[in-house]
Structure formats: C-alpha cells, structure tokens
Amino acid sequence: MRRHALLALSCCAALSAPAQAGVLAEDRADVMYHLYDGGGVEIDGPSMLVRKKFAEKYAVSANYYVDLVSSASIDVVTTASPYKEERKEYSLGGEYLRGKSIYTVGFTNSKENDYEANAASVSISQDMFGDLTTLQLSFSRGWDQVFRRGDDTFEDRLDRRVYGADLTQVATKSLILGLSWETVTEEGFLNNPYRSVRYLDPEAASGYSYQAEVYPRTRTGNALAVRGRHFLPWRAAAQAEYRWYSDSWGVLGHTVELSYTQPYGARWVFDARYRWYTQDGADFYSDLFPREDFQNFLARDKELATMTSQTIGIGASYELRLPGMDFLEKTTVNFRYDYMLFDYDDFRDLRVTGVPPGTEPFYDFSANVVQLFFSGWF
Amino acid sequence: MKNLRPALWLAIALGTAGCGPVEPWVKPYERERLADPIMSWDRDPVSASYMKHVYESREGSRGAMGGAGGGCGCN
C-alpha cells in the first residue's frame with residue numbers, strides 16, 4: 001500500500017525521455033537493479049526500459065518495474081506487524097513526431113495485493129522561436145482502487161488528474177533554463193487504511209491510545225520549479241534547481257538541488273549531487289491529539305509531518321565495448337549511490353517508552369539508495 | 001488626450017515588436033555544447049524516474065520534478 005509510488009508513474013515519467021522537441025530520443029534499452037534500505041524498510045527489484053524509433057517519426061517505449069518490499073518501519077513496529085509485499089508495474093508509450101511537434105500517449109498499470117492503479121497520459125511538445133524554446137503541455141488521468149488486507153468488505157477508489165507545463169529555454173551557447181509547473185488534483189480515499197493516529201488516554205497504561213486516520217477526500221497541490229544547467233569550459237556541467245510546492249492540506253515544501261557532471265577520458269562520466277528538502281506539515285497533522293475524535297480530520301503520517309530531508313549522491317558511468325555485440329552502438333554500465341537523511345520536527349519515536357506521552361525524542365533515520373544499471377544504444 | 005498620444009504610439013510600437021520573426025541569438029551551429037549528452041536534464045531516464053519515485057514516496061510534495069524538452073534544435 002504505497003500510494004505515492006503511483007503518482008510519479010501516472011505522470012509517465014518513466015517513458016518521457018529528456019529529448020528536445022523536433023527530434024525523437026535515441027533507441028535505447030536499460031536494465032536496472034535498485035535498492036532502498038532505510039528506516040526498517042528494504043525495497044529492491046528490477047526495472048527495464050526499452051525505446052525504439054520507426055521511420056524517424058514514430059517511437060514506442062515500454063517499462064517493467066518491480067518493488068519487493070520488506071517493511072518493519074517505525075509505523076509498522078509501533079502499531080502493526082512487519083510485512084512483505086510485491087508491486088509490479090507495466091507502462092507503454094507511443095510518440096509521433098510531426099515537424100517541430102512531438103505528440104505522446106502513455107498508459108501505466110500498477111498492482112499490489114491491496115492496491116491497483118491505472119493511469120493514461122497525453123502530452124504535446126513544441127519547438128519554437130528558432131528552436132531556442134521548447135514548450136510541453138501534459139495531462140494525465142489516474143484511476144486507483146484501494147483494498148485492505150484481511151478485510152474483504154473494504155474497497156474504495158481514488159481519481160487523479162495531473163496538469164503540467166514545461167518550458168525550456170536556451171539562454172546562451174552554454175546555458176539552458178527550465179520552468180516547470182504541475183497541478184495534481186485527487187478525489188477519493190487518500191489515506192492509508194492501516195495507519196493510526198494517537199491521542200491522550202489517561203485510562204491506557206502508556207498514556208495514549210490509537211484510532212484510525214481520517215483524511216479529507218480531496219487534495220489539490222501545485223508545484224513550480226526553476227532550473228538551470230551550465231556547460232563549463234573544461235567539458236563539465238553544473239545544475240541548480242529550486243522547487244516550490246503548496247497544497248490544499250497546508251503542506252508547503254521547498255526543494256533545492258545542486259549537481260555536477262564531469263566526464264573523464266573517453267569512457268568515464270562522474271556525477272555528484274546534493275539535495276535539500278523541507279516541508280511544513282498538513283493542517284490536520286498531529287503527533288498526539290488531546291483526545292479521541294479531537295477534530296474532523298486526523299493524520300499522523302510522517303510524510304505529512306514537518307520535516308527536512310537531505311540527500312548526497314555520487315554516480316559513475318563507464319562505456320564498455322562488448323565483443324560479439326556489434327548490434328549495439330554503445331553500452332554503458334552505471335552505478336549510483338545516494339545517502340539520505342530524514343529529520344522530523346513533530347513526529348516522535350514511540351519505540352522510546354517509559355516517558356510521558358509527547359516527550360519522546362523526535363524521529364530521524366537514514367537510508368541508502370543504490371542503482372546499478374546497464375544501458376545499450378542500438 | 002494629446003499628452004497620452006506619444007505614450008500610446010510607444011505602447012503600440014513595443015507591443016507589435018514582439019510579433020515579428022524572432023532571430024535566434026544562439027545559431028544552430030553554435031549549439032555544440034548544448035547538444036553534448038552531459039547537458040541533458042536527465043541523462044538516464046530509468047534512473048531519474050526511480051529517484052522521483054523514491055522522493056515522492058517519502059515526502060509530502062508532488063510534481064514538477066522533471067525537466068522536459070531540451071530546445072537545442074540539434075537534429
């Protein structure tokens with residue numbers, strides 16, 4: 001039950017190659033192993049992405065992605081039992097190039113034992129003003145079904161619409177600028193059917209008890225990002241990015257990301273990056289409510305808490321020459337490692353007992369993210 | 001009204017100036033650096049998509065995480 005997992009995919013991010021309008025992306029296949037390990041959660045699995053052009057006007061792409069989840073997160077440890085589950089996702093996409101426009105359609109299906117999501121997307125990308133400007137408009141629609149393990153009577157739905165606009169501008173011979181806007185509107189069952197909030201209860205031995213979370217059935221969020229990428233004279237690239245986010249639940253987020261890319265020799269490319277993220281929590285979030293049914297909406301999901309995260313990452317890519325694989329024009333083996341730190345300002349660590357409710361230390365954790373993938377151009 | 005006339009003409013002149021053909025200030029043959037693969041917003045789509053998934057699964061913010069288009073017109 002990992003609702004957020006599906007949102008990124010409904011935007012068809014997996015299928016939208018970072019190509020410029022007026023030219024379709026190269027024929028390419030990627031096979032990846034990914035691993036996330038942190039906060040008592042381990043998620044790994046494969047991902048495969050293939051893109052192929054036809055007659056320089058059409059392109060198709062397909063993505064297969066798996067998450068194998070083994071969770072003993074702090075929520076699970078304090079209010080439920082550790083579990084394992086699997087999520088499989090299939091995406092298909094098509095592109096049509098006409099003049100300086102690219103028309104794209106995509107479809108994604110994702111299934112796990114208590115959640116199914118389907119999303120369809122369309123977009124148009126247009127080069128203009130002497131090919132210095134590229135404008136892309138996109139829309140996607142998602143239909144999700146939510147279930148609850150061990151409760152056959154529970155079933156609910158979630159509808160999603162995502163509107164996006166991206167503008168890329170060539171500023172100088174060495175500088176490219178980007179502006180992205182996206183609005184996400186959702187209606188339906190938005191909370192996690194397993195998660196609880198806690199409230200003060202003098203009758204309980206621990207001083208508090210739990211009740212189920214209650215979320216609004218609608219949410220609308222807006223995100224705006226500006227970014228710039230600069231080519232440096234010794235053949236390297238530096239990028240800076242800022243993203244602002246605000247939604248109808250009161251979540252306000254800021255993201256700053258810096259990255260640097262350095263080729264070395266003919267075969268190596270190295271990357272380094274740093275990302276800082278902070279958010280104000282949702283209006284109806286509280287680590288500890290004063291009593292049961294304290295207000296209409298109740299949340300204690302740490303993703304809706306006031307928090308900060310930092311990510312520092314490195315990457316290396318090496319171009320291989322494989323004997324007997326002449327049909328491949330180029331092959332690379334790639335490794336990426338990211339170290340993430342999460343700090344919560346109003347989500348307490350309930351593994352600490354024997355202290356008055358509301359005085360437990362604030363929770364924090366770190367995570368390791370590993371990606372190993374092979375890419376082949378054909 | 002007479003005093004406003006120069007301002008009106010100036011506004012019309014400035015307003016219509018944008019309707020003419022735009023002369024690219026970076027010519028196609030000057031885009032070698034922009035066409036370098038290291039200038040892609042996301043050089044490896046399979047990796048960029050995965051990292052978006054990692055962030056959006058653990059943070060409250062959603063959207064506007066990708067850069068679309070390159071605009072270098074290098075085909």
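The values are calculated or read from the model by the stated rules, or taken from the named source; none is laboratory data. Source: prediction; values computed, not measured. Glycine also receives a Cβ, built like all others from the backbone with ideal geometry; neighbour counts cover every protein chain displayed. Ligands, DNA and RNA are excluded from the accessible area calculation, which covers all protein heavy atoms including side chains. Shrake-Rupley method; radii C 1.70, N 1.55, O 1.52, S 1.80 Å.
Regarding residue A:168, is this residue polar (S, T, N, Q) and without any contact (Cβ under 8 Å) to a residue 12 or more places away in the chain?
On the way: polar (S, T, N, Q): yes; without any contact (Cβ under 8 Å) to a residue 12 or more places away in the chain: no.
Judged against the criteria, residue A:168 is not a match.
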Worksheet, complete the sentence: Matching residues in segment A:66-93 (hydroxyl-bearing (Ser, Thr, Tyr), at pLDDT 95 or above and surrounded by 15 or more Cβ atoms within 10 Å (Cβ to Cβ)) number 1
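Which residue is modelled with the lowest pLDDT, if the candidates are limited to segment A:152-176 and must be open to solvent by 40 Å² or more (accessible area, probe 1.4 Å), more than 7 Å from chain B (Cβ to nearest Cβ) and over 20 Å from the mean Cα position of the chain (by Cα)?
Of all residues in segment A:152-176, those open to solvent by 40 Å² or more (accessible area, probe 1.4 Å) come to A:152-153, A:155, A:157, A:161, A:163, A:167, A:169, A:172-173, A:175.
Filter once more, so that each one left must be more than 7 Å from chain B (Cβ to nearest Cβ): A:152-153, A:155, A:157, A:161, A:163, A:167, A:175.
From what's left, over 20 Å from the mean Cα position of the chain (by Cα): A:152-153, A:155, A:157, A:167, A:175.
Values: A:152: 90, A:153: 93, A:155: 94, A:157: 96, A:167: 95, A:175: 96.
For segment A:152-176, the residue satisfying everything is A:152.
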Item to complete: Would you check which residues across segment A:180-192 are more than 9 Å from chain B (Cβ to nearest Cβ) and either over 12 Å from residue A:247 (Cβ atoms) or without any contact (Cβ under 8 Å) to a residue 24 or more places away in the chain (or both) and list them?
Response: A:187, A:188, A:189, A:191, A:192
Worksheet item: Quick one: what pairs do we get from segment A:118-134, first residue free of Cβ contacts under 8 Å to residues at least 40 places away in the same chain and outside any strand (DSSP E or B), second of a type outside the set (A, V, I, L, M) and surrounded by fewer than 23 Cβ atoms within 10 Å (Cβ to Cβ), C-beta under 8 Å, 6+ apart or different chains?
Response: A:129/B:24; A:130/B:23; A:130/B:24; A:132/A:169; A:132/B:24; A:132/B:25
Worksheet item: residue A:205 fails exactly one of the following numbered conditions: (1) within 14 Å of chain B (Cβ to nearest Cβ); (2) at pLDDT below 95; (3) open to solvent by 70 Å² or more (accessible area, probe 1.4 Å). What is the number of that condition?
Response: (1)
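Quick check: anything in segment A:306-327 open to solvent by 40 Å² or more (accessible area, probe 1.4 Å), in contact (Cβ under 8 Å) with a residue 60 or more places away in the chain, in contact with a strand residue (DSSP E or B) (Cβ under 7 Å, 6 or more places away or on another chain) and within 29 Å of residue A:73 (Cβ to Cβ)?
No, the conditions are met nowhere in segment A:306-327.
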Discussion item. I'm told residue A:96 meets every condition in (1) open to solvent by 60 Å² or more (accessible area, probe 1.4 Å); (2) part of a strand (DSSP E or B); (3) within 21 Å of residue A:150 (Cα to Cα) except one. Can you identify the failing condition by its number?
Written reply: (3)
Worksheet item: Which one is most open to solvent (accessible area, probe 1.4 Å), of the residues in segment A:328-337 that are within 13 Å of another protein chain (Cβ to nearest Cβ) and within 14 Å of residue B:44 (Cβ to Cβ)?
Response: A:335
Discussion item. Restricting to segment A:18-57, and then to whatever is within 29 Å of residue A:364 (Cβ to Cβ) and among the acidic types (Asp, Glu), can you tell me which residue is farthest from the other protein chains (Cβ to nearest Cβ)?
Written reply: A:42
Discussion item. Tell me yes or no: at least one residue of segment A:282-295 is facing chain B (nearest Cβ under 8 Å) and buried (at least 17 other Cβ atoms within 10 Å of the Cβ).
Written reply: yes
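What residue, of A:230, A:254, is within 19 Å of residue A:168 (Cα to Cα) and either surrounded by fewer than 18 Cβ atoms within 10 Å (Cβ to Cβ) or within 21 Å of the chain's Cα centre (by Cα) (or both)? Talk me through it step by step, then tell me what you get.
Working: A:254 fails: within 19 Å of residue A:168 (Cα to Cα).
It is A:230.
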Worksheet item: If you go through segment A:105-113 one residue at a time, do you hit one that is surrounded by 21 or more Cβ atoms within 10 Å (Cβ to Cβ), among the hydroxyl-bearing types (Ser, Thr, Tyr) and over 21 Å from residue A:225 (Cβ atoms)?
Response: yes
Worksheet entry | Scope segment A:177-190; condition at negative phi and either surrounded by fewer than 16 Cβ atoms within 10 Å (Cβ to Cβ) or in a strand (DSSP E or B) (or both); matching residues | A:177, A:178, A:179, A:180, A:181, A:182, A:183, A:184, A:185, A:186, A:187
Worksheet item: Which members of segment A:257-272 meet the condition of being in contact with a strand residue (DSSP E or B) (Cβ under 6 Å, 6 or more places away or on another chain), surrounded by fewer than 16 Cβ atoms within 10 Å (Cβ to Cβ) and either in a loop (DSSP other than H, G, I, E, B) or of a type in the set (S, T, N, Q) (or both)?
Response: A:267
